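To start, the structure itself, in C-alpha cells.
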Amino acid sequence: MAAVMLIAMLFRLGLIERVRQFGTLMAVGWTPRRVASLVFLEGIVVAAFGVVLGAAGGFGYASAVLWALRTWWVGAVTVPFLEFHWTVASLLGGVIAGWLVALVTIGVTIRSLLRADAQTLLSGREGASAGTVSRGKDQGGNREDAHRGRERGRRVARGGVRWLDVAAGSVLVAALSVAAFGATASGQEAAAGFVGGGMLLLIAAMLQIHRRLSRRRQGPETSAARTEGDRGREESDAAGRISMTGLAARSATRQPIRSTLSIGLMAAAAFLIVAMSAFRLQPSDRGTGGFELLGRTSQPLFGDLGDPQERADLLGSDAEVFDGVTVAAWRLRPGQDASCNNLYQASQPTVLGVPGDFAGLFQAADSGSDERTTFPGFEWAASEQSDGDGSPWERLATAASGTEEDPIPVVLDQNTAMWSLQLREGVGEVASFEYEVGEPTYFRVVGLLSNSMLQGQLLIGEENFEGMFPSISGYRFFLFGEPRSGDASAGGAGADWGTRRAVLEDRLSDVGMDVRETRDILASLLAVQNTYLRTFQTLGGLGLLLGTVGLAVAQVRSVLERRRELAVMRAIGFTRGRLAGLVMGETAVLLIAGIGCGVCCAVLAVMPYAIANSIRPPIVEPLAVVAGVTLFGMLAGLLAVRRVLRMPLLSSLRAE
C-alpha cells in the first residue's frame, strides 16, 4: 500500500510539471482521452522498468533474509543450509502482479486529465476543480451564475464533510466491535481482534484527519458548524498573530487528499512496527509451568528422584541441595522433534508419559481459584470442556486402547498442533501416528498449551503410555522446581539452580543425564516466532522509508504549485531562510502527525492484549526505529528546502 500511494504521488508530480504541454496538445486538436492514452503508454514503459528493478531488489531482499536466518537468526530454524528457491512461474507472477498494480494506480491518477480543458492546462493550473470553476464562469457569463456555481460547490463540500463524519463514526464502531471480540477471545483470535480493531481505528483517524483538513480549507463560509475555538483561531489569524508553526500547519489544508495520503503512508508503517513488537515473546513462568530445570537421560532411571531416601542413594552427599525441590519424573519414548525448530514434518513425534499425580502440582491454578498454588502451572490456549472431568492433565488418566473408536487423550502445545502436525481443528481432533509398522495409534486432543517449553511432544497419561509401549520401563524425562507455597523449601534455601544442575549431570553421568534451564529451552522455541516478527518489522521499516520519500515528493510538488505565493512572500520581506524554515515546518507537521497517529493507534490496539497475557513488549527498539525514520524524513524534507533556496522566486511574479 505504501508503494501504491507513492506511485500515485510520484506520477502526479510528473503530470503537474507537464500540464502546459498537455494543454498545447489539446489546443491543437488532441482529445483529452488521446492525451491520457499517451500518458498511460508512458506509464506502461516506466512501470516495466520499475518491476524489473523491483524483481532484482526482491532477489536481494530474500537472499539477505535467508543469509540472516543462516547466521544471525539461525536460532529460528536451527539449520544453516537454507537456500533461495525460485521458479519462472513465481518470478513472472510477482512481476506481472506488480506491473498491473502500477498500471491501475497510474490509470486512476491520470483520470483528472479527462476532466480538464485546454485553457485550464495552458494556464498552468492542475486538477479538475480549477477547470470546473473556469467552465462554470464561461458558461454562466455573469456574476449570478458564478455565484450559483460557488454555492453549489460549497454544498457539495459540506455534503462531503458530513459523509466523512458518517464514515469515520461507522469505522470507529466497527473498531470497537472487533476489539470487543478480541477481549472475549483467546490466543490468535484475541491478537487478530486487537490488531484488527487498531487498524480500523487508524482508518477512522485518517478519515477524521481528512475531514478536519477539508473543513479548514473550505473556510468559514462552507464550514457546517464552527466551534468557539475555530472562531477564536480565525480572529487571531485575522489580527496578524499567526505563528510560523500555525502557518505551516495551515499549509496542510491546501491539498487535503495529498496531506492525508502522506500522513497515512507513515501512520500505517509506524503502526506495523509498533504493533508487531507487542507480540515478541519472552520466557515466563506460565511457559515453564514454574519449573526451573529440565533433565533427560540416555538410559532409563529406575530410582525415584522425588523420594528423599532414593535421591540420597543416587546423589550421595549432594542430595541435600535438593531439599524442598519437587521432581516430576515422566516416561519417554524418543521420536522426532515436532516443534517449530524442525523444518521437516514429524511422522513419529516424541511421546511423554505424564504421571497421574502431576495435575495436583497446580490444580488450583487450572481451576481458576484464588488459592496460593504450588506451581504457577502452564497456560492453556484451549481445553476440552467436560463436566466433572477437571483439568486436561486429569483427563490424560482416562484409559484408552488407541483405536479409532477409542483414541488416547493427548495434550499438545498449540504451535506443535497447528504448524508441525497440521491439526488445525484443535481440541477434539483425532489424529493417528504409526509407531509400529502397519499399526496406527489414534490420539484425541483434549488440551492445547500456549507457548510452552513442551513443544514438539505428545503428552499422554502414564497408564496409556505403558499400554502403548510395554517394553519401555523407567523414567528418562525430569522436571525440577521449588514449590511456591509458604510452607515449602526449608532446607533448600541458598542452593542455586546452577549448583543443582552441576550435581545432576555429575552424579548421574552414568545414565547420560543432560540438564538445561527451562527458560533457555523456552527462549530457543520462542525465537522462531520472534524472528519472523522481526522480518515483518523490517518490511514495516521499509514502508516507513517509502512514506518519508513520498512526503518529500509531496513537499516538492507543493513548492512547485506555490511558487507564486512564495514569490509574493519573498517580495514583502520573507528571507529565503524563513521560507525554507516554513517548508521544513510543513514537513515536520505531516511527519509527526503520521508517525504519532500510527504509534498511538498501535499502542491502543496491543495494550489490552499485552496486559491480558502479561507480555512486556520491547519499547526502546521500536521507538529507536521510528525515531531514526523520523530523522530520515526530516532529511528527505531538505529536498523541498533545496528547491526553495534555488528557485528564482521573483521571476514567478511575472504574468504568464
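The values are calculated or read from the model by the stated rules, or taken from the named source; none is laboratory data. These numbers come from a predicted model, not from an experiment. Every residue, glycine as well, gets a Cβ built from its backbone with ideal geometry; the counts of neighbours run over all protein chains shown. Ligands, DNA and RNA are stripped out before the accessible areas are found, and what is left, the full protein with its side chains, is counted by its heavy atoms. Shrake-Rupley method; radii C 1.70, N 1.55, O 1.52, S 1.80 Å.
Note on the range 487-500: among residues that are open to solvent by 10 Å² or more (accessible area, probe 1.4 Å) and either within 33 Å of the chain's Cα centre (by Cα) or modelled with pLDDT of 90 or more (or both), the one that is farthest from Ser391 (Cα to Cα) is Thr499.
If you scan the range 458-475, which residues turn out to be open to solvent by 20 Å² or more (accessible area, probe 1.4 Å), in contact (Cβ under 8 Å) with a residue 60 or more places away in the chain and either of a type in the set (S, T, N, Q) or on the phi > 0 side of the Ramachandran plot (or both)? Please lay out each step first, then the result.
Taking the range 458-475 as the starting set, the residues that turn out to be open to solvent by 20 Å² or more (accessible area, probe 1.4 Å) are 462-463, 466-468, 470-473, 475.
If we keep only those that are in contact (Cβ under 8 Å) with a residue 60 or more places away in the chain too, we end up with 462-463, 466-468, 472-473, 475.
Ser473 - this is the single residue of the range 458-475 that is open to solvent by 20 Å² or more (accessible area, probe 1.4 Å), in contact (Cβ under 8 Å) with a residue 60 or more places away in the chain and either of a type in the set (S, T, N, Q) or on the phi > 0 side of the Ramachandran plot (or both).
Is there a residue being open to solvent by less than 60 Å² (accessible area, probe 1.4 Å) and either at pLDDT 75 or above or among the hydrophobic types (A, V, I, L, M, F, W, C) (or both) anywhere in the range 148-157? Reasoning before the result, please.
Step one: list which residues in the range 148-157 are open to solvent by less than 60 Å² (accessible area, probe 1.4 Å), which gives 149, 151, 153-154, 157.
Narrowing further to those that are either at pLDDT 75 or above or among the hydrophobic types (A, V, I, L, M, F, W, C) (or both): 157.
Within the range 148-157, one or more residues are open to solvent by less than 60 Å² (accessible area, probe 1.4 Å) and either at pLDDT 75 or above or among the hydrophobic types (A, V, I, L, M, F, W, C) (or both).
Scanning the range 67-85 for residues that are open to solvent by less than 50 Å² (accessible area, probe 1.4 Å) and either modelled with pLDDT of 85 or more or closer than 24 Å to Thr105 by Cβ (or both) yields no hits at all.
Regarding Gly54, is this residue open to solvent by less than 50 Å² (accessible area, probe 1.4 Å) and either part of a loop (DSSP other than H, G, I, E, B) or within 23 Å of Ala116 (Cα to Cα) (or both)? So Gly54 does not fit the description; no.
If you go through the range 409-440 and keep only what is in a strand (DSSP E or B) and crowded, with 22+ Cβ neighbours inside 10 Å, you end up with Pro409, Val410, Val411, Leu412, Asp413. The residue of the range 575-607 that is most open to solvent (accessible area, probe 1.4 Å), among those that are in contact (Cβ under 8 Å) with a residue 12 or more places away in the chain and β-branched (Val, Ile, Thr), is Ile592. The listed residues are Arg476, Arg484, and the only one of them that is modelled with pLDDT of 95 or more and farther than 14 Å from Ile408 by Cβ turns out to be Arg476. Of everything listed in (1) in contact with a Phe, Trp or Tyr (Cβ under 8 Å, 6 or more places away or on another chain); (2) under 30 Å from Asp285 (Cα atoms), the single unmet condition for Pro440 is (2).
At pLDDT 85 or above, open to solvent by less than 40 Å² (accessible area, probe 1.4 Å) and under 42 Å from the mean Cα position of the chain (by Cα): is that true of Val46 in this structure? No; evaluated as a whole, the condition is false for this residue.
Just the residues that are out of contact with any Gly (no Cβ under 9 Å at 6 or more places or on another chain) and not in a loop (DSSP other than H, G, I, E, B), please, taken from the range 300-309. Passing the criteria: Pro308, Gln309.
Within the range 558-565, the presence of at least one residue that is more than 23 Å from Leu265 (Cα to Cα) and acidic (Asp, Glu) is confirmed. Check whether at least one residue in the range 60-70 is assigned to a helix (DSSP H, G or I), closer than 26 Å to Val528 by Cα and of a type in the set (D, E, K, R), and report yes or no. So far as the range 60-70 goes, yes, one or more of its residues are assigned to a helix (DSSP H, G or I), closer than 26 Å to Val528 by Cα and of a type in the set (D, E, K, R). The set of residues in the range 260-299 that are in a helix (DSSP H, G or I), open to solvent by 10 Å² or more (accessible area, probe 1.4 Å), touching a helix residue (DSSP H, G or I) at 6+ places or on another chain (Cβ under 6 Å) and not aliphatic (A, V, I, L, M) comprises Thr260, Gly264. As for the range 556-563, it holds at least one residue that is out of contact with any Phe, Trp or Tyr (no Cβ under 9 Å at 6 or more places or on another chain), of a type in the set (A, V, I, L, M), open to solvent by 10 Å² or more (accessible area, probe 1.4 Å) and in contact (Cβ under 8 Å) with a residue 40 or more places away in the chain. For the range 181-215, a residue qualifies if it is charged (D, E, K, R) and more than 19 Å from Arg162 (Cα to Cα), and exactly one does: Glu189. Among the residues here, Arg33 qualifies as loosely packed, with under 15 Cβ neighbours inside 10 Å, in a helix (DSSP H, G or I), touching a residue at least 60 places away in the same chain (Cβ under 8 Å) and more than 26 Å from the chain's Cα centre (by Cα). Screening the range 316-354 for residues that are in a helix (DSSP H, G or I) and in contact (Cβ under 8 Å) with a residue 12 or more places away in the chain and picking the one that is surrounded by the fewest Cβ atoms within 10 Å (Cβ to Cβ) gives Gly316. Is it the case that some residue within the range 199-216 is modelled with pLDDT under 75 and crowded, with 17+ Cβ neighbours inside 10 Å? Looking through the range 199-216, at least one residue is modelled with pLDDT under 75 and crowded, with 17+ Cβ neighbours inside 10 Å.
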